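Engineer: Would you mind keeping the following structure in view while I ask a few things?
Values quoted throughout were computed directly from the atomic coordinates according to the rules given, and no laboratory measurement underlies them. Please read these numbers as outputs of a predicted model, since none were measured by experiment. Backbone-built Cβ (ideal geometry, glycine too); neighbour counts: all protein chains shown.
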Amino acid sequence: MLKNYHTNPLRVFDCKVESCNTIIADAPSILNYLCEECSDHFSQVQDYLRDLKLLFEINPRMVRGLDYYTKTAFEVKSGALGAQNSLAGGGRYDGLVSFLGGPDVPGIGFGIGMERLIDCLPPSDQSSRQTDLFIAALGARAQKIAFGLTQELRKKGISAAMDYTNKSLKSQMKRADKLNSAYTLIFGDKEMDEARVELRDMNTKNQKSLPLDHLLEDLTNIFKKRE
């Protein structure tokens, strides 16, 4: 068995036998050989996870089964599943489309163990509903705030969505319409400099300004009153 490991090192990395860890303990870590672009990207991914207060562990020995991963690969695990605790895994596929003869297109993908995911879901009798709030954020500063705000609103039971590609306001408003959003929150560099945002009622088209400070609290109160 050890002979096979030496002829195919990947089997060592993917080995479930505890003694295999001894074999690879002194092997070089991939984290020591990242290019500058990949290192910067990986740091940014970690910053976003910390902003969302999501616990994560860096595993330089993790193995995924596809050769076209680029930059960060990941696995999502649950403490409610025992030994078979992996719910999902994936990563970036930035070179896949061009490898298949298409244009140079960035991408990301993942696979989910549906049975395991269902086992982790709490019982719920809530029916589907329209999107409460779409966040139209313009510019890097606004998008960073919008990213965290979207997640915090979801934690409070508010259906929130945003565009992650920094498209024009017109394109983002079209997306809000497609999602049947009740409200749209609009802000960019100008609004951030003035410490305010614009909240638009998508039904009446009326808008009002909200202070950037205590924005999460104000939005939570608005949607509580609608229930």
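Engineer: Using only Cα atoms, tell me the angle between helix 169-178 and the longest principal axis of the chain; keep it within 0 to 90° and round to the nearest 10.
Structural biologist: Tilt of helix 169-178: around 90 degrees.
Engineer: Using alpha carbons only, how many degrees (0 to 90, rounded to 10) separate the axis of helix 215-226 from the longest principal axis of the chain?
Structural biologist: Here the helix axis deviates by roughly 70 degrees.
Engineer: Taking N as the number of residues in the chain, what is its alpha-carbon radius of gyration divided by 2.2 N^0.38 Å? Please report the intermediate quantities before stating the final value.
Structural biologist: Details: Rg = 22.0 Å, N = 227, 2.2 N^0.38 = 17.3 Å.
Output field value: 1.27.
Engineer: A further question follows. Report the Rg/Rh value for region 133-226, based on alpha-carbon coordinates and the Kirkwood definition of Rh. Each step should come with its number before you reach the end.
Structural biologist: Values: Rg = 12.0 Å, Rh = 13.1 Å.
That ratio is 0.91, to two decimals.
Engineer: Here's a follow-up. Sort the following peptides by mean Cβ neighbour count (other Cβ atoms within 10 Å, averaged over residues), highest first: 176-188, 149-161, 205-217, 22-34. Walk me through the intermediate numbers first.
Structural biologist: On the way: 176-188: 19.4, 149-161: 17.0, 205-217: 12.1, 22-34: 10.4.
For the peptides 176-188, 149-161, 205-217, 22-34, the packing ranking is 176-188, 149-161, 205-217, 22-34.
Engineer: Please name which of I112, L55, L179 has its Cα lying farthest along the dipole of the chain towards the positive end, using unit charges on Cβ (Lys, Arg +1; Asp, Glu -1) and the Cα centre as origin.
Structural biologist: L179
Engineer: Then there's this: For every helix of n ≥ 4 consecutive DSSP H residues, a contribution of -39,500 (n - 2.57) applies; sum these over the chain, divide by its total residues, and give [θ] at 222 nm rounded to the nearest 500 deg cm²/dmol. Could you put the intermediate results ahead of the total?
Structural biologist: On the way: 10 runs with 86 residues, N = 227.
My calculation for the chain gives -10500 deg cm²/dmol from helical runs alone.
Engineer: Right, here's the next one. Percent relative contact order of the chain, based on C-alpha pairs within less than 8 angstrom and at least six residues apart? Each step should come with its number before you reach the end.
Structural biologist: Values: 268 pairs, mean separation 26.0, N = 227.
In percent, rounded to a whole number, it is 11.
Engineer: Separate question: What nm distance separates the two modelled labels at L55 and F99, each placed 7 Å from Cα along Cα→Cβ?
Structural biologist: Output for this residue pair reads 3.4 nm.
Engineer: Under a Cβ-only charge scheme (Lys and Arg +1, Asp and Glu -1), can you give me the dipole magnitude of the chain about the Cα centre, in debye to the nearest 20? Could you put the intermediate results ahead of the total?
Structural biologist: Numbers: 30 positive and 30 negative charges, 123 e Å.
Value, rounded to 20: 600 debye.
Engineer: What's the angle, to the nearest 10 degrees (0 to 90), between helix 36-51's Cα axis and the longest principal axis of the chain?
Structural biologist: With both axes taken from Cα atoms, the answer is about 60 degrees.
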